Amino acid sequence: MNRKEIQIPNFLKKAFSGRNAVISIPYIWLLLLFLLPFIFVLKISLAEPILAIPPYTSFFKWGESWLPTIQGSLDSYLFLFSDSLYINAYLSSLKIAVISTVLTLIIGYAIAYSVAKAPTRWRGILLMLVILPFWTSFLIRVYAWIGILKTEGLLNLALISIGIIDKPLTIMNTDLAVYIGIVYSYLPFMILPLYANLEKMDMSLLEAAADLGCRPLKTFWTVTIPLSLPGILAGCFLVFIPVMGEFVIPDLLGGTNTLMIGKVLWTEFFYNRDWPVASAVAIILLALLVVPIMLYQRAQEKAIS
Amino acid sequence: MKKFGNFNIFALVVGFSFLYIPIILLILFSFNESRLVTVWGGFSTKWYVELMQNQGIKDAAWVTIKVAFISSTVATALGTIAGLVMTRFGNFRGRTLFSGMIYAPMVMPEVIIGLSILLMFVALSINRGVFTITLAHITFSMCYVAVVIQSRMSSYDDSINEAALDLGCTPFHTFRLITLPIIMPAVVSGWLLSFTLSLDDLVIASFASGPGSTTLPMKIYSMVRLGVTPEINAVSTILVGLVTLGVITASIIGRKQKQQTI
């Protein structure tokens, strides 16, 4: 039988090709569940809080006319800038994130460098020891520090029994506890990219430097560090960006004076039920982090290709 | 370069002590007879017995396991596709946005992801519960799987696929019969990673959950806020033990696979 084939336009054929269908599965998922939600955050940040369910005014008002009128207000943003609490929280988060990134880098570099230099037969097990805490619950690891740092905790008990101090130190509920918690929790995120980079390093370059009379410390600063820069950058982004919005650590280890924007957002949302202000806090935090996130993405793409 | 020296030994000993002492103390004090978590009162497993009788924790654990199992399975499927798309599909339209959506969730503060996904569910009047937590977990876990697959594919020998295609294999069959078996260890470790990420998540689950869907981290968090108790140590010890077992299993699978290919 001679049936005339139905002609499918070329652009439709292309759009529904197997290749595009495969791409579209994860693509559409991420568009709908990762990107689209931000539109709602933006929308609600422009609404006003009211006592209702959901607790914000609607963005579109359906009136007589065919098109809805848009009713948005910048009140939430103006409020953020008028109250010094929010600006201080952003600045304080920035300070805590920068300092803890530097601390994590120094400690992480020492560990990653030593693992990379360790005899080959040890490296596997050492790397496993780094990865294990990375997989272990964040919450549990932060919780573990409460018992150590609190006034009648294990650290004070140990220090008093040795005789180093006679009155317990107040570490719990201070910024110091937050720094300890952040460095501890994020250390594996720093060590892994650093190690991946240091392990691949061409040792002959270091030998060349030594042969030409370069002292070990100078070789480290002028050869090793510049060569490991991609690892340093990846590690710093992996620590800095999430720490900017960290909630669990300042909430459990920090005190009432520890201001971090992630905690402010949580309080606005869950305790004050001010969804528009919580959304505005999120939008500004996102705006601050967009550039670091894009730099991180570029660095990662480069590293993999 | 100087050989592995005293400084390196010092760095490793101090570094690993810092990483492990808190966890070891936590485990140790879960077997403490005394209710005081800082005073040793003798060995006892009574907190584990007490844990088994705590219905709230058991319910939360069940919710968590269900969410983790479903979300890691779906995330592994989606993430594997995403990882292959990133490495084997060249330059398609919208690639930069796609890779942005893969990398951003891995570093983006959890409060932002949690808030945004919750606001969307509310705006679309989707009832929050186990289902919404699962959707949220799939979304961020699949990005980790995609990166695991992507880095595996960077050392993948393309000529095997070309051979299969030359011999008349369809792209789908090439994937199923050639690519998938080769990258299976990466897929398995992606699944395990997703599972632990889901098991671990407090912040995003707190936003995405509704009444009656408390996950284990949410339960632990509410207990921690009331103070340190040996019961929390006991439940933590069980979780740490499970994760350790999983990681060791994954590394054994990986090693076996390596030996087979050599």
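Count of lysine pairs in chain A with Cα atoms under 18 Å apart, counting only pairs 8 or more residues apart in sequence or on different chains? Provide the component values of the computation, followed by the final result.
Details: A:K4/A:K13; A:K43/A:K61; A:K95/A:K263; A:K117/A:K200; A:K117/A:K218; A:K150/A:K167; A:K200/A:K302.
Lysine pair count for chain A: 7.
Taking all protein chains as present, what is the carbon and sulfur share of the accessible area of the protein assembly as shown, in % to the nearest whole number, probe 1.4 Å?
67 percent
Sticking with the crude label model, points 7 Å out along Cα→Cβ, report the distance from B:F131 to A:T120 in nm, one decimal please.
Taking the simple label geometry, B:F131 and A:T120 are separated by 5.5 nm.
Please give the charge dipole size of the protein assembly as shown, origin at the Cα centre, charges +1 on K and R Cβ atoms and -1 on D and E Cβ atoms. Round to the nearest 20 debye. Intermediate results must be reported in sequence, preceding the final value.
Working: 38 positive and 28 negative charges, 255 e Å.
That gives the protein assembly as shown a dipole magnitude of about 1220 debye.
In whole Å and largest first, what semi-axes does the C-alpha gyration tensor of the protein assembly as shown yield when each eigenvalue is scaled by 5 and square-rooted? Present the calculation step by step, with values, prior to reporting the outcome.
On the way: eigenvalues 291, 241, 124 Å².
That gives 38, 35, 25 Å for the three semi-axes.
For chain A, what is the mean residue ellipticity at 222 nm derived from helices alone (per DSSP H run of n ≥ 4: -39500 (n - 2.57); sum divided by total residues; nearest 500 deg cm²/dmol)?
Result for chain A: -21500 deg cm²/dmol, rounded to the nearest 500.
What total accessible area, in Å², is buried where chains A and B meet, using a 1.4 Å probe and rounding to the nearest 100? Could you put the intermediate results ahead of the total?
Numbers: alone 20110 and 15950 Å², together 27810 Å².
Chains A and B together bury roughly 8300 Å² of accessible area.
Specify the angular offset, from 0 to 90 degrees and rounded to the nearest 10, of the alpha carbon long axis of helix B:110-123 from the longest principal axis of the alpha carbons in chain B.
Long axis of B:110-123 versus the principal axis of chain B: about 80 degrees.
Which semi-axis lengths, in whole Å and largest first, follow from the square roots of five times the eigenvalues of the Cα gyration tensor of chain B? Walk me through the numbers on the way to the answer.
Numbers: eigenvalues 287, 145, 61 Å².
Working from the Cα gyration tensor, I get semi-axes of 38, 27, 17 Å.
Average projected area of the Cα convex hull of the range A:95-249, in nm²? All intermediate terms of the calculation are to be shown ahead of the outcome.
Details: hull surface 45.3 nm².
Quarter of the Cα hull surface area: 11.3 nm².
How big is the range A:191-295 by the Kirkwood estimate over distinct Cα pairs, in Å?
Values: mean 1/r = 0.0591 Å⁻¹.
About 16.9 Å, per the Kirkwood formula over Cα pairs.
If the chain between B:T244 and B:R176 were fully stretched, how many nm would it gain, using 0.36 nm times the residue separation less the Cα-Cα distance? Let's see the in-between values first.
Numbers: separation 68, 0.36 × 68 = 24.48 nm, distance 3.09 nm.
Between B:T244 and B:R176, full extension yields 21.4 nm more.
Over chain A, what per residue volume does the convex hull of the Cα atoms give, in whole Å³?
Working: hull volume 85.8 nm³, N = 305.
Once divided by residue count, the hull of chain A is 281 Å³.
Add -39500 (n - 2.57) for each DSSP H run of 4 or more in chain B, then divide by its residues: what number comes out at 222 nm, to the nearest 500 deg cm²/dmol? Please report the intermediate quantities before stating the final value.
Working: 12 runs with 198 residues, N = 262.
It lands at -25000 deg cm²/dmol.
Using mean Cβ contacts within 10 Å as the protection proxy, how do B:41-54, A:260-273, B:197-210, B:93-106 order, highest first? All intermediate terms of the calculation are to be shown ahead of the outcome.
Numbers: B:41-54: 13.3, A:260-273: 20.5, B:197-210: 24.1, B:93-106: 18.6.
Ranked from most to least packed, the peptides come out as B:197-210, A:260-273, B:93-106, B:41-54.
If a helix is a whole DSSP H run, which ones in chain A reach 27 Å or further along their own axis (Cα) and hold a mean Kyte-Doolittle hydropathy of at least 0.5? Before the final figure, lay out each step's value.
Details: long enough: A:84-117 (49 Å, 1.33); A:175-199 (34 Å, 1.16); A:275-304 (39 Å, 1.38).
What comes out of the filter, once short or polar helices are dropped, is A:84-117, A:175-199, A:275-304.
Please state, as a whole number in µm²/s, the translational diffusion coefficient that the Stokes-Einstein equation yields for the range B:89-214 at 10 °C and 1.306 mPa s, with Rh defined as the Kirkwood radius across alpha carbon pairs. Don't jump to the answer; show the numbers that get you there.
Working: Rh = 16.8 Å.
Translational diffusion coefficient: 95 µm²/s.
Can you compute the label reach from A:I50? Point 7 Å from Cα along the Cβ direction, backbone N cut-off under 16 Å, restricted to the range B:106-129.
Under 16 Å, as judged by backbone N against the label point of A:I50, lie B:123 of the range B:106-129.
The values are calculated or read from the model by the stated rules, or taken from the named source; none is laboratory data. Remember, predicted model here, so these are calculated numbers, not experimental data. Ideal geometry is used to build each Cβ from the backbone, glycine not excepted, and the neighbour counts take in all protein chains shown. These area figures cover heavy atoms from the full protein model, side chains too; ligands, DNA and RNA do not enter into them. Shrake-Rupley method; radii C 1.70, N 1.55, O 1.52, S 1.80 Å.
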